1. Hey, what did the chain get for relative contact order, percent, Cα under 8 Å, at least 6 apart?
2. Could you calculate the contour length gain from LYS222 to ARG617, that is, 0.36 nm times the residue separation minus the distance between their Cα atoms, to one decimal place in nm?
3. If I stretch the segment between SER381 and ASP38 completely, what's the gain in nm (0.36 nm per residue apart, minus their alpha carbon distance), one decimal?
4. Give me the number: length gained by fully extending LYS300 to SER132, i.e. 0.36 nm times residue separation minus the C-alpha to C-alpha distance, one decimal in nm.
5. Work the Kirkwood hydrodynamic radius out for segment 97-218: mean of 1/r over every pair of different alpha-carbon atoms, inverted, in Å.
6. When you have a sec, figure out the Kirkwood radius of segment 1-146 from all distinct Cα pair distances and drop it here in Å to one decimal?
7. Within segment 446-540, which chymotrypsin sites (Phe, Trp or Tyr not before Pro) sit in a loop by DSSP and count at most 16 neighbouring Cβ atoms inside 10 Å?
8. Scale the Cα Rg of the chain by the rule-of-thumb value 2.2 N^0.38 Å and send over the ratio, two decimals.
Amino acid sequence: MSVQIDHNLEEIRRFRPSPEFAAQAVASLALYDAAKADRLGFWAAQAKELLHWHRPFTRTLDWTNPPFAKWFDDGELNVAYNCLDRHVEAGNGNRIALHWEGEPGDSRDYSYAELTAEVKKAANLLTSLGVSAGDRVAIYLPMIPEAVISMLAVARIGAVHSVVFGGFSAESLRTRIDDASASIVITADGGYRKGKVFPLKTTVDTALADGESTVRNVLVVKRGGNEVEWTEGRDLWWRDELAAVDAEHVAKGFPAEHPLFILYTSGTTGKPKGILHTSGGYLTQTAFTHKNVFDLHPEKDVFWCTADIGWITGHSYVVYGPLANGATQVLFEGTPDSPHPGRWWEIIEKYKVSIFYTAPTAIRSFMKLGRQIPQEFNLRSLRLLGSVGEPINPEAWIWYRHVIGGGSIPVVDTWWQTETGAIMISALPGITDLKPGSAQTPVPGIEIEVLDDNGAPVSEGGGLLVVSEPWPSMLRGIWGDPERFTETYWEKFGDRYFAGDGARIDEDGDIWLLGRVDDVMNVSGHRLSTAEIESSLVAHPLTAEAAVVGASDETTGQAVVAFVILKASQEDAVSPEEASVLLRAHVARQIGAIARPREVFIVNELPKTRSGKIMRRLLRDLAEGREIGDTTTLSDASVMQVISDKVR
Ligand code: 6R9
């Protein structure tokens, strides 16, 4: 097992909740007691308390055919109704659902009543375009209100969305459209990024250019104002179409296990996995965790999760959790540092954000810039901070609490995955004594174990993180590939879920995450697979062979570092420097800018075992500037010397 992220094992600081915070805390110790006494009864009670059921369920969990779970499966609900109409019907129609802030500084507020009205029209529009329950709709949008509106409109009619991050390339988009056989794509002309408009519609055109696709229509939101080409009959302007449809739409109930969305994520092989989530269980756990982990008081809090809706964090904690709970939140189109490095803090000040949820990579890049930037803004509205995406090192945790949080407010480190759908491990603010660097405790109703390779519990030292009982928001499968689902997550430990993360449990029972144990990298909290980037590199005409590793990086957690052997025929055509530039650009174009290698080293050989496996461990040592580890299993031990002479 390779544990890539060093933790400060000496970390011993503890932070007690303040009495003031504890006195008003939403969560309570009673939640743990209730879940312990009757786990299924606990989740059934949460599902009833937090959601509106069109038809009440009588069965909580069906686990007769593991790993295929069914939660609340004889019940019916409408996910969008739960996120919208019921808040309006309860008299909260005027509450702000979204404070949207565009990158150029334009802004728009949507009340729950307004958001509901928009989603009703969009639902009618999709229906008029022939979308019915179960059909797939691809969404390729910037962080604009229409992104949230589209997702909810799809959900409202029982269709299935597949949101593709706006930074992904035409090729990545096409693969995802094809895999899910999407019939509609919702996009924008362009979006804003660092003061410029980046095209989205053009990328969709490129994606759909080659060969027949399943896409009938492309709906285009006007945002960037950039010029677009138009395919008559296929392309439609979002606003014109919406103006022509009925404003009323009655949400009907769908079975709890009706599919809600597919979201693609990287696995150990090259092909991204379409993670499938369904309705009732997913919404129960996202609402439960959003309420209790973030101590939500919906009538007064302003919540801001900085994740893009293209990632699971955006699905669960920008769209479904907060809206199911009737929260007021900020939705931001831009980046943290444009047009100035205090942009996020300015937004917190402007909207009086009280709960803030972001990733360690962002915190570390702010640390580098220094505390004087956030100190120019009034951040006193903040009362709770959250972290997600990768382990947060204690130094970053302390900086976050002090410089952003003013020194006394809780910081919750939340561990979960695309596959788990919602938060699984986190402190509960006001209840738990906080430990910087540790994600700490499974949330009530979740069972976590740390096991060795043979499935025996590990009491000290590191092991593999396993979820030992099914949970409401668990993935229900990999789209179109039930075998891969079983193989990836369930083969190793029987009917316990193997997460792919290393972890250790300390003497208090707190969990410390140690990073991935497979060939998945974590760059700025985003998952990338070594295999996917290697196959992109090998697809370039210059490349003979390629190996990719995730090397630790001060800001992004890990960075992509590639080692490439050029084809003999190409060696004289380009210099190594030119090849490296070309290949970095090639990966960015093929997969997306986030996958662009930090470095591409042109080498003559790669370290291989006698059975021909590339020893990435040694390449990682090299990329991280460490002493090269044990090379005795190499077929040719001198190879590493040759490579390291090239690199250093
Ligand atoms: C929500 C999300 C999942 C992987 C996961 C783990 C890492 C996420 C973490 C964390 C340590 C945390 N991860 N949160 N590691 N502490 N608080 O990030 O989903 O994009 O699927 O990534 O991210 O390695 O396995 P996803």
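1. Numbers: 1419 pairs, mean separation 90.0, N = 648.
RCO, the chain: 14 percent.
2. Values: separation 395, 0.36 × 395 = 142.20 nm, distance 4.73 nm.
Additional length available on full extension: 137.5 nm.
3. Details: separation 343, 0.36 × 343 = 123.48 nm, distance 3.79 nm.
Length gained, SER381 through ASP38: 119.7 nm.
4. Numbers: separation 168, 0.36 × 168 = 60.48 nm, distance 3.75 nm.
Fully extending the segment from LYS300 to SER132 adds 56.7 nm.
5. Numbers: mean 1/r = 0.0670 Å⁻¹.
That comes to 14.9 Å for segment 97-218.
6. On the way: mean 1/r = 0.0489 Å⁻¹.
Result for segment 1-146, one decimal place: 20.4 Å.
7. On the way: sites: TRP479, PHE485, TYR489, TRP490, PHE493, TYR497, PHE498, TRP512; in loops: TRP479, TRP490, PHE493.
Taking segment 446-540 and a limit of 16 other Cβ atoms within 10 Å, the loop chymotrypsin sites (Phe, Trp or Tyr not before Pro) found are TRP490.
8. Numbers: Rg = 24.3 Å, N = 648, 2.2 N^0.38 = 25.8 Å.
Taking the Cα Rg and dividing by 2.2 N^0.38 Å, one obtains 0.94.
The numbers here are math on the coordinates, done by the rules we state, and not lab data. Predicted model, so just to flag it, every value in this text is computed and none were measured. Heads up, the Cβs are rebuilt from the backbone with ideal geometry, glycines too, and the neighbour counts pull from every protein chain shown.
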